[in-house]
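Rule-based calculations on the coordinates, nothing more; no lab input. Remember, predicted model here, so these are calculated numbers, not experimental data. Note: ideal-geometry Cβ built from the backbone for every residue, glycine included; neighbour counts use all protein chains shown.
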């Protein structure tokens, strides 16, 4: 076997600094596995690193890709519970500090010093990736690799909606931003019992707002430049919605969220937005609103989501729109960036 492989590498901070490169196949340690990647999802963060619009530290050069599954090609001597040939997916926390108080609580996703695949260490847009065995989860029988690779964004959505949000059957929920995470949050809100589910986008999101309807949105707003604030004033008792999930990649949407949430309601912010907000938070105080951040996921969330994927309770058919070979990474990135597809998966 040759000792190098084609990989999608982000090599610098400048916009467009991504290309296919030959990268040495990694050597594993005693607690790692070498995973033969069968499918890797394209995430919005991959697009941000490609366009140079990200707000996190990247260890250049780095192989992109943190949503992935595959077959164990080699297992380190200390690995227990997994063997060569097993079908698995991997969590994203590639490097953690065992002594961190967050790691000791099982909240390793919140350890400020964690490093993830695709920005901190080499990711999975390659034929092989080195993975610590503690990151692995078995793929349910019958679940295709293409869908298993999307466990990670489903976990982001589950953590935002079902762990970090207060949601009860019958609640009114607005999701701002119909990107992949926003649509998956909408799906989770529907599963969790949202009575009225409203998904908000822009005219550029018309196609993805149609997808929102197929996954259970009662109303979609923005494709025709509707006034969302006015719509909410005329909704229900007129005081606003119970929960707003801000999944947009800009800071300005937080103002909309504050305007449309009802007193004593909740806003869960899962979308990144590095821009200054430039507005007063006084209405947040006056309304007694809970503003909750939501980041990443941990072991129990992965187990729950994989079970839901295995039974079909989470149906990814509406959002998985493109499956391509690794060589077509650029086309897949562009299709997602333009909003022509919700989610693309690459097959190394």
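Dividing the Cα convex hull volume of the chain by residue count, how many Å³ per residue is that?
132
What residue among 160, 36, 124 has the largest mean-square fluctuation in a Gaussian network model of the chain, using Cα springs under 10 Å?
36
Would you mind putting 246-253, 100-107 in packing order, based on average other-beta-carbon counts within 10 Å, highest first?
246-253, 100-107
Please give the Cα centre distance for region 212-259 versus region 158-186, rounded to the nearest Å.
One Cα centre to the other: 12 Å.
Would you list the P(r) distribution for region 1-89, with all Cα-Cα distances sorted into 5 Å bins from 0 and each bin expressed as a whole %?
Percent of Cα pairs in each bin: 3, 13, 19, 20, 17, 14, 9, 3, 0.
Place a label point 7 angstrom from the Cα of residue 19 along the Cα-to-Cβ direction, then list the residues of region 32-74 whose backbone nitrogen is under 17 Å away.
From region 32-74, the list is 50-52, 60-64.
Specify the inter-centroid distance of region 104-145 and region 299-344, based on alpha-carbon positions, in whole Å.
Each part reduced to its Cα centre gives a spacing of 16 Å.
Among 161, 8, which comes first, then next, by fewest other beta-carbon atoms within 10 Å?
Neighbour counts put them in this order, fewest first: 161, 8.
Under the 0.36 nm per residue contour assumption, what length would be gained going from the current alpha-carbon distance of residue 231 and residue 74 to full extension?
That pair, residue 231 and residue 74, stretches by 50.9 nm at full extension.
Ranked from highest to lowest mean number of other Cβ atoms within 10 Å per residue, what is the order of the peptides 64-76, 297-309, 21-33?
64-76, 297-309, 21-33
Report the label-to-label distance for residue 214 and residue 141 in nanometres (one decimal), using points 7 Å from each Cα along the Cα→Cβ vector.
Rounded to a tenth, the inter-label distance reads 3.0 nm.
Just the number, please: percent antiparallel of the DSSP beta bridges in region 157-293, rounded to the nearest 5.
Of those bridges, close to 0 percent are antiparallel.
Between helix 299-311 and the chain, what is the angle of the helix's C-alpha long axis to the longest principal axis, kept within 0 to 90° and rounded to the nearest 10?
90
What is the chain's relative contact order, in percent, from Cα pairs under 8 angstrom and six or more apart in sequence?
Computed over the chain, the figure is 17 percent.
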